[in-house]
Amino acid sequence: MKLHLKIWRQKDTKASGKIVSYELNDVSPDMSFLEMLDVLNEQLVSKGEDPVAFDHDCREGICGMCSLMINGQAHGPEALTTTCQLHMRKFKDGDTIVIEPFRARAFPIVKDLAVDRSAFDRVVQAGGYVSVNTGNAEDANAIPIPKENADLAMDAAACIGCGACVAACPNAAAMLFVSAKLSQFALLPQGQPERERRALRMVDQMDKEGFGNCTNHYECMASCPKGIDVENIARMNREYGFAFVKARSKP
Amino acid sequence: MASYFSSSIGRKHILAFTGLALCGFLVTHLAANLLIPFNPQAFNTYSYKLITNPLIYVAEVGLVGLFLVHVALAFWLNFENRAARPQRYVSKKNTGRGTTPSSATMVITGLVTLVFLVLHVMNIKFGAHYTVTYDGVEMRDLHRLVLEYFSSLPNVIWYVVAHVALALHTCHGFQSAFQSLGFNHPRYTACVKALGKLYAVAIAGGFAFIAIWAYGRGGV
């Protein structure tokens, strides 16, 4: 396959970037998207040019490190797939592919396509700890949890924190991520002692980081490689409202 | 309490609540307006009883308040949303499974509705004051004003265009408000979405029908 790549190049956070065109020949359809970028970088290095910086780690769709807006879509055109699991067979010979970083004020560009997503870490940190009693591990079935809640909590916990929701959202809102992190605890008995405090603090931190506000387009859910449902956002909207009332009514 | 009103979710709650309340107002407004084609006397008498009730001032202040809060919050949230992505994408494509024409145009349809509302209040509420007497009681002849206003084709076209905008706005706004207030259910959300579409078409269609009917009648 022959590809025309248009890639966002930016020296560092403060520099102004621009789209640079590259031609790539002999791309195997069996390559993953990141392997295609590896090939490009090898060529750039052999020519003495600066390779394209991009985030990646596990390359099996579970770490949440890879990102990229590929032809205007977070993680590319395939649904429920991370960039590392996107294969070049999804593209045609002679295609032009525009590759940009995830763009949001809360995700400053480090270099080229690599962005700083530590705003997500700070939101999770703001949620604080989960109370777990010390001592021996509790018996597996000591706390009965309804099957439905266990499933919903597990679905929410599938979030890998890649930031595709923010990247795809027309408003650069982080509500799908924050609501998934909040839901996985709010649905389980272990998460109850700090439930209200967690909701208030995580939402507060989310706002402080400069993410946008949700206007219910649901592009986040459509772009999420793990299929996190916007039902979680509704849960967060409820959690926050109740938490605020409870916090106010406490002496 | 200040943190609630400045938080993203708190403001979304209020935007949703005021939006739904305004949706409720539109239902009562349309219900009354539907008297226009069928019973001029009933319409004028209803209007007379409404505007001579001293509580109308309380209701009007409440309505204006709801509207101003809704508009102010929408501007505020939109301003923040734009600031949240200072550098636009060179290439951005929606998935086709999220954004709808209705959701993508909320700002523009909201602005059209805002302009419409200001003109509507000027043209009707503060418009020409005709009177009519029923059973010895003199009252404002709003029916005549409506017929007169809609005898002009540009007025009818603008009215219909504004109501297409209103339909698009409420089509997303109605179901979106439920989500913002925390209501999302695997079974009932589909009903809410369908109800939102029905609401949007019925309300905007109802108002537009009256305008077109009045134009078809060819004046007073």
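The values are calculated or read from the model by the stated rules, or taken from the named source; none is laboratory data. As the structure is a computational prediction, the values presented were derived from the model and not from experiment. Please note: Cβ atoms are built from the backbone with ideal geometry, for glycine as well, and neighbour counts cover all protein chains shown.
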> Within the bounds of the stretch B:13-20, is there any residue that is part of a helix (DSSP H, G or I) and over 30 Å from A:Phe211 (Cα atoms)?
Replying inline: no
> Considering the stretch A:111-130 alone, what residues qualify as being outside any helix (DSSP H, G or I) and either at pLDDT 95 or above or touching a helix residue (DSSP H, G or I) at 6+ places or on another chain (Cβ under 8 Å) (or both)?
Replying inline: A:Lys111, A:Asp112, A:Leu113, A:Ala114, A:Val115, A:Asp116, A:Arg117, A:Gly128, A:Val130
>> Quick check on my filter: what residues within the stretch A:219-229 are more than 7 Å from every other protein chain (Cβ to nearest Cβ) and either buried (at least 24 other Cβ atoms within 10 Å of the Cβ) or among the charged types (D, E, K, R) (or both)?
In response: A:Cys220, A:Cys224, A:Pro225, A:Lys226, A:Ile228, A:Asp229
> Any idea which of (1) at pLDDT 95 or above; (2) at negative phi is the one A:Ser249 doesn't satisfy?
Replying inline: (1)
>> Looking only at residues that are of a type in the set (Phe, Trp, Tyr), surrounded by 17 or more Cβ atoms within 10 Å (Cβ to Cβ) and in contact with a helix residue (DSSP H, G or I) (Cβ under 6 Å, 6 or more places away or on another chain) in the stretch B:1-59, which one is nearest to A:Tyr240 (Cα to Cα)?
In response: B:Tyr4
>> Checking the structure you have, find out if any residue of the stretch A:50-66 is at positive phi, basic (Lys, Arg) and in a loop (DSSP other than H, G, I, E, B).
In response: yes
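Out of curiosity, is B:Thr113 more than 20 Å from B:Arg11 (Cα to Cα), buried (at least 17 other Cβ atoms within 10 Å of the Cβ) and free of Cβ contacts under 8 Å to residues at least 60 places away in the same chain? If you could, list the steps in order and put the result at the bottom.
Numbers: more than 20 Å from B:Arg11 (Cα to Cα): yes; buried (at least 17 other Cβ atoms within 10 Å of the Cβ): yes; free of Cβ contacts under 8 Å to residues at least 60 places away in the same chain: yes.
Yes; evaluated as a whole, the condition is true for this residue.
Quick check on B:Arg217: is it farther than 30 Å from A:Glu239 by Cβ, of a type in the set (D, E, K, R) and surrounded by fewer than 14 Cβ atoms within 10 Å (Cβ to Cβ)?
On the way: farther than 30 Å from A:Glu239 by Cβ: yes; of a type in the set (D, E, K, R): yes; surrounded by fewer than 14 Cβ atoms within 10 Å (Cβ to Cβ): yes.
Yes: the conditions hold for B:Arg217.
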> In this structure, does A:Gly163 turn out to be of a type in the set (Gly, Ala, Ser), at pLDDT 95 or above, under 30 Å from A:Pro108 (Cα atoms) and assigned by TED's automatic domain parsing to the domain that holds A:Val245?
Replying inline: yes
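Of the residues A:Arg89, A:Arg9, which single one is surrounded by fewer than 16 Cβ atoms within 10 Å (Cβ to Cβ) and either of a type outside the set (Phe, Trp, Tyr) or not assigned by TED's automatic domain parsing to the domain that holds A:Pro225 (or both)? Show your work before the answer.
Numbers: A:Arg9 fails: surrounded by fewer than 16 Cβ atoms within 10 Å (Cβ to Cβ).
Exactly one of A:Arg89, A:Arg9 is surrounded by fewer than 16 Cβ atoms within 10 Å (Cβ to Cβ) and either of a type outside the set (Phe, Trp, Tyr) or not assigned by TED's automatic domain parsing to the domain that holds A:Pro225 (or both), namely A:Arg89.
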> Can you tell me which residue in the stretch B:159-191 is farthest from the other protein chains (Cβ to nearest Cβ), limited to those that are surrounded by fewer than 19 Cβ atoms within 10 Å (Cβ to Cβ) and part of a helix (DSSP H, G or I)?
Replying inline: B:Val160
> Residues of the stretch A:174-218 being within 14 Å of chain B (Cβ to nearest Cβ), acidic (Asp, Glu) and in a loop (DSSP other than H, G, I, E, B), which ones?
Replying inline: A:Glu209
> Can you tell me which residue in the stretch B:49-91 is farthest from the other protein chains (Cβ to nearest Cβ), limited to those that are assigned to a loop (DSSP other than H, G, I, E, B) and of a type in the set (Lys, Arg)?
Replying inline: B:Arg88
>> Need the failing condition index for B:Cys171 against (1) without any contact (Cβ under 8 Å) to a residue 24 or more places away in the chain; (2) among the hydrophobic types (A, V, I, L, M, F, W, C); (3) under 25 Å from B:Val64 (Cβ atoms), just the number.
In response: (1)
> Has the stretch B:92-104 got any residue that is more than 14 Å from every other protein chain (Cβ to nearest Cβ) and surrounded by 14 or more Cβ atoms within 10 Å (Cβ to Cβ)?
Replying inline: no
